[in-house]
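The values are calculated or read from the model by the stated rules, or taken from the named source; none is laboratory data. Keep in mind that what you see is a predicted model, and the values were worked out from it rather than measured. A quick note on method: Cβ atoms are made from the backbone with ideal geometry, for glycine too, and the neighbour counts reach across all protein chains shown. Note: accessible area is taken over every heavy atom of the protein model, side chains too, but ligands, DNA and RNA are not part of it. Shrake-Rupley method; radii C 1.70, N 1.55, O 1.52, S 1.80 Å.
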Amino acid sequence: MELIIALIVIIVFCKILGVSNEMLVLGGLVLIELTIVLMMFMFAFFCVCMLFTKRKEAKFTRVDKAPKGNFKVAYYEVDGNECPCIFPSEMILNDKMYRTDRTYHVLYSKRSGKVYDIWTILTCILGFISSAFAVFLTMQIVSIIPMF
């Protein structure tokens, strides 16, 4: 809600200063493109971090709130230590995705003390591919559109 109010205030302030509607739309598109590029870099960072992890067998223990966060994460027992997953758990289908009667293969980061489960790995890879495709596609669209 605060973000929407801040955007409205910025737009009204720009209109008072005489900024044209075309420039406001262009500024909005630049912000959207910047968000897509930052998403791609975030997923690329996590994909690179996964390269420096070790594959371990882990037992799912629970889904609970992260110690330093607002979201619920899955916890796995790796080598006798309970480690949280690096990404938040899914909101739906928890009982289907996380089962206590199975052992899972996870990627364990000793440096951060967190794990990458299969859902996190899929999220990172598919997120990087889709955001890279979105950056490529939007750059192609921008190169076609004549500027002023």
key: Per-region count, segment 13-31, residues surrounded by 14 or more Cβ atoms within 10 Å (Cβ to Cβ) and over 25 Å from Pro146 (Cα atoms)   = 0
ask   = Say we look at segment 37-68 and pick out the residues that are among the aromatic types (Phe, Trp, Tyr) and without any contact (Cβ under 8 Å) to a residue 40 or more places away in the chain; which of these is farthest from Cys124 (Cα to Cα)?
value = Phe41
query = Quick check: is even one residue across segment 93-106 among the aliphatic types (A, V, I, L, M) and under 17 Å from the mean Cα position of the chain (by Cα)?
reply = no
request  = Take segment 62-93 and flag every residue that is in contact with a strand residue (DSSP E or B) (Cβ under 8 Å, 6 or more places away or on another chain), outside any strand (DSSP E or B) and not aromatic (Phe, Trp, Tyr).
outcome  = Ala66, Pro67, Asp79, Ile86, Pro88, Ser89
query = Right, Met139: open to solvent by 80 Å² or more (accessible area, probe 1.4 Å) and not in a helix (DSSP H, G or I) or not?
reply = no
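One line per residue, one yes/no per condition, for (1) among the polar types (S, T, N, Q); (2) open to solvent by 50 Å² or more (accessible area, probe 1.4 Å); (3) outside any helix (DSSP H, G or I):
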{"position": "Ile8", "(1), (2), (3)": "no, yes, no"}
{"position": "Ile11", "(1), (2), (3)": "no, yes, no"}
{"position": "Glu33", "(1), (2), (3)": "no, no, no"}
{"position": "Glu57", "(1), (2), (3)": "no, yes, yes"}
